[in-house]
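Visitor: Starting off with a structure, shown below.
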Amino acid sequence: MLPTEHRLRRREDFATAVRRGRRAGRPLLVVHLRSGATDPHAPGESAPPTRAGFVVSKAVGGAVVRNKVKRRLRHLMRERVALVPPGSLVVVRALPGAGDADHAQLARDLDAALQRLLGGGGAR
């Protein structure tokens, strides 16, 4: 499970990440990243944690399938939250094929999208 301090909960935060962030699409998911705009040299302030949220619509499947996809994505993001700069907002939006995908396929798409957004991506 993703720790509480790393969860994105407010509607405004989701909107900020989606509207003002960068986007990387893969066959199973789309990742929106709004990099943290904190000053690393600000005196006495620690950087806020990276926060992640998930959007899984009814197009993915029924309630059981949607919750399974969300659990998998939360688990995958927990392992990758340290790769994202502190203070960043990440929204992972599952596409309809995510309901039929296994854990390894979701991990592969999430890794590819994050790599592209964080500057390590090559050609599409």
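Visitor: Being in a loop (DSSP other than H, G, I, E, B) and more than 20 Å from Glu79 (Cβ to Cβ) is the filter here; which residues of segment 1-13 pass it?
Guide: Arg9, Arg10
Visitor: Taking only pairs six or more apart or across chains, which ones have beta-carbon atoms under 9 Å, a first residue in segment 3-24 that is in contact (Cβ under 8 Å) with a residue 40 or more places away in the chain and within 17 Å of Leu83 (Cβ to Cβ), and a second residue that is among the small types (Gly, Ala, Ser) and in a helix (DSSP H, G or I)?
Guide: Leu8/Ala17; Ala24/Ala112; Ala24/Ala113
Visitor: I need the full set of residues from segment 60-74 which are of a type outside the set (Lys, Arg) and over 11 Å from the mean Cα position of the chain (by Cα), in order please.
Guide: Val60, Gly61, Gly62, Ala63, Val64, Val65, Asn67, Val69
Visitor: Same structure again: Evaluate the following for Val60: is it part of a loop (DSSP other than H, G, I, E, B) and in contact with a strand residue (DSSP E or B) (Cβ under 8 Å, 6 or more places away or on another chain)? Give the steps one after another, and end with the answer.
Guide: On the way: part of a loop (DSSP other than H, G, I, E, B): yes; in contact with a strand residue (DSSP E or B) (Cβ under 8 Å, 6 or more places away or on another chain): yes.
Answer is yes for this residue.
Visitor: Let me ask you something else. Working only within segment 83-107, note down all residues that are part of a helix (DSSP H, G or I) and free of Cβ contacts under 8 Å to residues at least 24 places away in the same chain.
Guide: Let us first name the residues in segment 83-107 that are part of a helix (DSSP H, G or I), namely 83, 96-99, 103-107.
Residue satisfying the conditions is Ala104 alone.
Visitor: Hey, among the residues in segment 37-80 that are more than 24 Å from Pro3 (Cβ to Cβ), at pLDDT 90 or above and not polar (S, T, N, Q), which one's surrounded by the most Cβ atoms within 10 Å (Cβ to Cβ)?
Guide: Looking at the filtered set, the residue picked out is Val60.
Visitor: Another question, if that's okay. With Ser57, Ser88 as the choices, which residue is under 12 Å from the mean Cα position of the chain (by Cα) and of a type in the set (S, T, N, Q)? I'd like the intermediate steps shown before the answer.
Guide: On the way: Ser57 fails: under 12 Å from the mean Cα position of the chain (by Cα).
So the residue among Ser57, Ser88 that is under 12 Å from the mean Cα position of the chain (by Cα) and of a type in the set (S, T, N, Q) is Ser88.
Visitor: Looking only at segment 14-28, count every residue that is more than 17 Å from Arg74 (Cα to Cα), in contact with a strand residue (DSSP E or B) (Cβ under 8 Å, 6 or more places away or on another chain) and of a type outside the set (Gly, Ala, Ser) and tell me the total.
Guide: 5
Visitor: Quick check on segment 86-109. Is at least one of its residues hydroxyl-bearing (Ser, Thr, Tyr) and surrounded by 16 or more Cβ atoms within 10 Å (Cβ to Cβ)?
Guide: Within segment 86-109, the subset hydroxyl-bearing (Ser, Thr, Tyr) is 88.
Then keep just the ones that are surrounded by 16 or more Cβ atoms within 10 Å (Cβ to Cβ); that gives 88.
There is at least one residue in segment 86-109 that is hydroxyl-bearing (Ser, Thr, Tyr) and surrounded by 16 or more Cβ atoms within 10 Å (Cβ to Cβ).
The values are calculated or read from the model by the stated rules, or taken from the named source; none is laboratory data. These figures come from a predicted structure and were not determined experimentally. Because the Cβ atoms are built from the backbone with ideal geometry, glycine has one as well, and the counts that use them run over all protein chains shown.
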